[in-house]
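Written out below as C-alpha cells is the structure these notes cover.
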Amino acid sequence: MNRTDKRAAKRTGLRISRSDAEHPESVFKAQLVKRLRQTYGWAYPPSDKFIYGVPDILVLVDGTLYGIELKLSKWVHRVSEIQALNLACIVNNGGVGIVFVADNKGGVRTQVESFMRWFYAFHKARVR
C-alpha cells in the first residue's frame, strides 16, 4: 500500500487490505453486486469505459429499475453532472435513482451489509 492509499484509507475510515487498496470502490461494488444477485436475481455493473455517467450498479427488482451510484467517502460524495442527468433519466422513466454514500464504519463486508439492510427496507416501503 503506497502513501496515497494509506491517506485515502485513513481519510475515509475504511479498513482496506493490501489487495483492496488499489481500487476500494471496485471491491465494494463487486461484493455488492454479488449480494444483490444472490438476493434479487438481476444486478449488473456496467462498464464506464465508453459511456460516462452510467450508475455503478443497475438492479431490476419486481419490475423496477434501480440505478445505484456508490460513493465511498463522505468528503467525496458529489455526483457529477452527467451522473445526475442519467439518474434523472432513470427516475423520469419510472425507475429509482440512488446515491449511496458509505458510512465509513468497518470494512467492505460491513458496508455491503449496511446497504443491503437499507435497500431491503427501502424497496419494501416503496412497494406498499
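The values are calculated or read from the model by the stated rules, or taken from the named source; none is laboratory data. For clarity, every value in this text was computed on a predicted model and none was experimentally measured. Backbone-built Cβ (ideal geometry, glycine too); neighbour counts: all protein chains shown.
Every condition in (1) aromatic (Phe, Trp, Tyr); (2) within 24 Å of Ala121 (Cα to Cα); (3) modelled with pLDDT under 90; (4) surrounded by fewer than 16 Cβ atoms within 10 Å (Cβ to Cβ) is met by Tyr44 except one, and the failing one is (3). The requirement of being in a strand (DSSP E or B) and either in contact with an Asp or Glu (Cβ under 7 Å, 6 or more places away or on another chain) or at pLDDT 90 or above (or both) is satisfied by Val59. Do you know which residues across segment 40-49 are more than 18 Å from Val108 (Cα to Cα) and either within 11 Å of the chain's Cα centre (by Cα) or part of a helix (DSSP H, G or I) (or both)? Matches in segment 40-49: Tyr40 only.
So, Arg11, is that one of a type in the set (Lys, Arg) and either out of contact with any helix residue (DSSP H, G or I) (no Cβ under 9 Å at 6 or more places or on another chain) or at pLDDT 90 or above (or both) or not?
Values: of a type in the set (Lys, Arg): yes; either out of contact with any helix residue (DSSP H, G or I) (no Cβ under 9 Å at 6 or more places or on another chain) or at pLDDT 90 or above (or both): yes.
Judged against the criteria, Arg11 is a match.
Quick grid of which residues meet (1) over 18 Å from Lys29 (Cβ atoms); (2) modelled with pLDDT under 85:
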{"residue": "Gly67", "(1), (2)": "no, no"}
{"residue": "Leu72", "(1), (2)": "no, yes"}
{"residue": "Ile90", "(1), (2)": "no, no"}
{"residue": "Gly94", "(1), (2)": "yes, no"}
{"residue": "Gly97", "(1), (2)": "no, no"}
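Of note, Ala125 satisfies the criterion of being among the hydrophobic types (A, V, I, L, M, F, W, C) and at pLDDT below 90. Filtering segment 99-122 to residues that are outside any helix (DSSP H, G or I) and at pLDDT 85 or above leaves Val99, Phe100. In segment 50-102, the residue that is surrounded by the fewest Cβ atoms within 10 Å (Cβ to Cβ) out of those that are among the aromatic types (Phe, Trp, Tyr) and under 14 Å from the mean Cα position of the chain (by Cα) is Phe100.
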